[in-house]
Amino acid sequence: MNFKEFASNNKVLFDGAMGTTIQAMNLPESVAQQANELLSLTSPDIIRKIHADYFAAGCDIVLTNTFGANAMVMAEYDLQAKVAELNAAAVQIARSAAVNSGASNKYVALSVGPGSKLPTLSQISYDELRAAYVEQITAAAKVGIDAVMIETCQDLLQVKAAIAAAMDVNTALMLDLPIMVSLTVEENGCMLVGSDMRCAAHALAGYPIFSLGLNCGFGPDKMAAPFAELAAAYSGRLYISPNAGIPILKDGKFVYPMNAEDFARLTSSIVEQYGLCAAGGCCGTNDSHMKAMAGKIKGMTTSIDPAPTIASSGYVCSAYSSSALRQQPAPALIGERANATGSKAFRELLKADDYAAMANIAKGQQASSHIIDLSVALSGRDEAADMRSIVPILNRELTLPLMIDSTSELVLEEALKCITGKPVINSINFEDGGTKLHKILKLLKRFPAAVVALTIDESGMAQTKEDKLHIAERLYNTWTSEYGYADEDLIIDFLTFSVASGDSESRYAAVHTIGAIREFKLRHPKVSTTLGVSNVSFGLSAHARTVLNAVFLDMAVKAGLDTAIVHAEKVLPISNIPSKELELCSALLDGKEGALDAFIAHFADVKESVATEIVTLPPEEELARKILRGDSTALEPLINTLLATYSAPEILNDMLLKAMQQVGVLFNEGKLLLPFVLKSAEVMRACSTLLE
């Protein structure tokens, strides 16, 4: 029975620690000072006995003595030339222990450690990591392993490189080795580079891994909380391998305090609670811990892993945290200013190779956006090189996910090699019949991502509702049926043309777009939608565009729009638009006869909406208006005026808090987007400070 079959029908017990078990042997100094991996060549009997003891304790599978047996780590010992030899020897030793155990169904997994350099911090490149892992896994696979365990991972970008390497080896050697991944968290519940467990689950959800879990770092008592977060967000098989507690200093040596019985009791309770497929032990555990574990989990019946409370798909993430493509209230806002085509400021910085300042523009959108769009396509420049320069900076410094905007699959690949989390790719379409589309979709097998798909085919951009829906269905079928990707990771951009062109076709541009969104969402409710909102108002004056864009966005959201590519800081709250202008905008967007002329005539005389004009109000009402609009100007004289009549608690409770309650009502009704809520909160804090 191969390991996949066995693991599908049994709770799998992995072994305990290798490194701390070697240290506990009190070996001669000449032996103890060697790299643990070298012992497979110089002292094979030591390693063989450790494996044999674990098999005798009831373990089903052992990890090879190869935790650091890759070129990156072995170079520190000047042993990089022995990588293949070390891995082959380690596998042979473990296999001989399995055979000599006298029991059936005993397996060997290759231990693949994290190395000593973090790609997210640009200490090593994705390509260098992948090549090192390919060398290690190839050497082991040629001798004969049953699984690959990528363990003690502290950086998701390192995990991605290792998974890609294992996939490459499987393909090259025509194997089907299960790929297992185990992460390590710090005291804050995040990986070393800062990724939380939801982020990790969402970033790795699209990879063909057999199981995902946690090892090292803590004992099972301290590991329960981060494991619960991981289990809530990941829909696949789960694994755990805790330490025997946190080491303490005793008689001049660090020891792990948790005894076998406590370790087995606490770890097995996690196995049972979450329906884990496998468990083992890490630092400080030995064969006695595993023997106690065997007594606990061998009697457990196998069960389907519990469904996560958070969907694995439909999320994108930065290196640190996740963001849902479906925000409540909608839409998710995609900041558009880090775009060399649409932003002159960004374009000029790109020409000057000022990547730090470019990053500041991207970071400046974080308070008002959910996702940051990035495009560095500029005539005369090397787009791929520019991506390699800017993406690592944004990868480290942005807390929001990236949308990589490029028409080149090669440029997209270079960007994806630098991204720790899960991005959005913008975009795919059928303009060339699908040649480029298929290249990008195949690329996502190695770099899972959400994708924006445009309603464009061989005839050009779809203009009518019917054509938009036809292409959208074609995109959907390719995404799901041909490639097997999740509905939730597809984002259809139904595109829109300007309603201000004056010709008969453009008159109904918004009607066709809104209608297509509404119909498609009824057919495929799990698929997301998006729009470049400002396209609808192209050709109009700046203020007229701001107002029309706001009304169009509101209409699109009500029809089912999930995300919007906007200049988030310039989005006008629908609640701030006077009723007359709402009527004019609605008529224009609905394609009514004469609506364009009436709209243009009105805005030719109106420079600012009535709602934004300076109107003298009683100070009590003026304060409420400032809260509702997020207006932080002239707060101090206004507060001083009110303090002449009211006490500070009265201003706080009767004016400020009531205004913030109204902000909450508008937010819940979808009439006020998150960026405006945050601005209102900033005004509230400023007022509170003045009152103090």
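The values are calculated or read from the model by the stated rules, or taken from the named source; none is laboratory data. A quick note: this is a predicted structure, and the numbers were derived from the prediction, not measured. Here the Cβ is made from the backbone with ideal geometry for all residues, glycine too, and neighbour counts use every protein chain on show. Each accessible area value is taken on the protein alone, full model and side chains, heavy atoms only, with ligands, DNA and RNA left out. Shrake-Rupley method; radii C 1.70, N 1.55, O 1.52, S 1.80 Å.
Residue-wise HN-Hα couplings along segment 391-408, as the Karplus relation 6.51 cos²θ - 1.76 cosθ + 1.60 with θ = phi - 60° gives them from phi, are 4, x, 5, 5, 4, 7, 9, 8, 8, 9, x, 9, 10, 8, 10, 7, 9, 9 Hz; Gly and Pro carry x.
Taking amide H as placed 1.01 Å from N in the peptide plane, the amide H of Gly280 sits under 5 Å from that of Phe14, Ile240, Ser241, each at least 5 places away or on another chain. Legend: residues Cys283, Cys317, sorted from most to least accessible area (1.4 Å probe; ligands, DNA and RNA excluded), read Cys283, Cys317. Along the axis of the charge dipole computed for the chain (Cβ charges of +1 for Lys and Arg, -1 for Asp and Glu, origin at the Cα centre), the listed residues Val551, Ile270, Phe430 are led at the positive end by Ile270. Under a 5 Å amide H cut-off, with hydrogens placed 1.01 Å from N, Ala332 pairs with Gln327, Thr563, Ala564 among residues at least 5 apart or on other chains.
Taking only protein heavy atoms and a 1.4 Å probe, what accessible area per residue, in Å², does segment 312-413 have with all protein chains in place?
35 Å²
FRET efficiency for the Thr42 to Asp353 pair, using the beta carbon distance and R₀ = 51 Å, is estimated at 0.50.
Note on the chain: dipole from Cβ charges, positive end direction compared against Pro257, Ala205, Phe520; the farthest Cα belongs to Pro257.
Between Asn100 and Ala225, what is the FRET efficiency for a Förster distance of 45 Å, r being their Cβ-Cβ separation, to the nearest 0.05?
0.65
Straight-distance candidates among the aspartates and glutamates for linking to Lys658, with alpha-carbon spacing under 18 Å and chain neighbours fewer than 8 residues away dropped: Glu620, Glu621, Glu622, Asp631, Glu650, Glu669, Glu682.
Taking label points 7 Å from Cα along the Cα-to-Cβ direction, Leu690 and Leu173 give a separation of 7.0 nm. Residues whose amide H lies under 5 Å from that of Ser427, counting only those 5 or more places away or on a different chain, are Ser406; hydrogens are built 1.01 Å from N in the peptide plane.
Remark: spin-label model distance Leu378-Ser116 equals 3.9 nm, labels positioned 7 Å along the Cα→Cβ axis.
Cross-link partners of Lys580 among aspartates and glutamates, defined as those whose alpha carbon lies under 18 angstrom from its own and excluding same-chain residues fewer than eight positions apart: Asp554, Asp590, Glu593, Asp597, Asp605, Glu608, Glu613.
Assuming charge only on the beta carbon of Lys and Arg (+1) and of Asp and Glu (-1), the dipole of the chain about its Cα centre is about 1180 debye to the nearest 20.
With θ taken as phi - 60° and the Karplus curve 6.51 cos²θ - 1.76 cosθ + 1.60 applied, the whole-hertz 3J(HN,Hα) list for segment 119-134 is x, 4, 8, 6, 7, 7, 8, 4, 5, 5, 4, 4, 4, 5, 5, 4 Hz, x standing for glycine and proline. The solvent-accessible area of Arg629, taken with every protein chain present and a 1.4 Å probe, is close to 80 Å². Computed from backbone phi, the HN-Hα couplings of segment 504-512 come to 5, 5, 6, 4, 10, 4, 5, 4, 5 Hz, rounded to whole numbers (Karplus: 6.51 cos²θ - 1.76 cosθ + 1.60, θ = phi - 60°; Gly and Pro given as x).
Cross-linked pairs Lys106/Lys298; Lys11/Lys445; Lys526/Lys558; Lys117/Lys253; Lys11/Lys49: Cα-Cα separations exceed 21 Å for Lys11/Lys445; Lys117/Lys253; Lys11/Lys49.
Between Ala659, His602, Val499, the Cα set farthest toward the positive side of the dipole of the chain (charges on each charged residue's Cβ, about the Cα centre) is that of Ala659. Distance between the 7 Å Cα→Cβ label points at Ala604 and Tyr483: 4.9 nm. The Rg/Rh ratio of the chain, with both radii computed over alpha carbons and Rh defined as the Kirkwood radius, is 1.05. The magnitude of the dipole of segment 194-251, with charges of +1 and -1 set on the Cβ of Lys/Arg and Asp/Glu and taken from the Cα centre, is near 100 debye.
Estimated from the Cβ-Cβ distance and a Förster radius of 35 angstrom, the FRET efficiency linking Ala648 and Thr399 is about 0.50.
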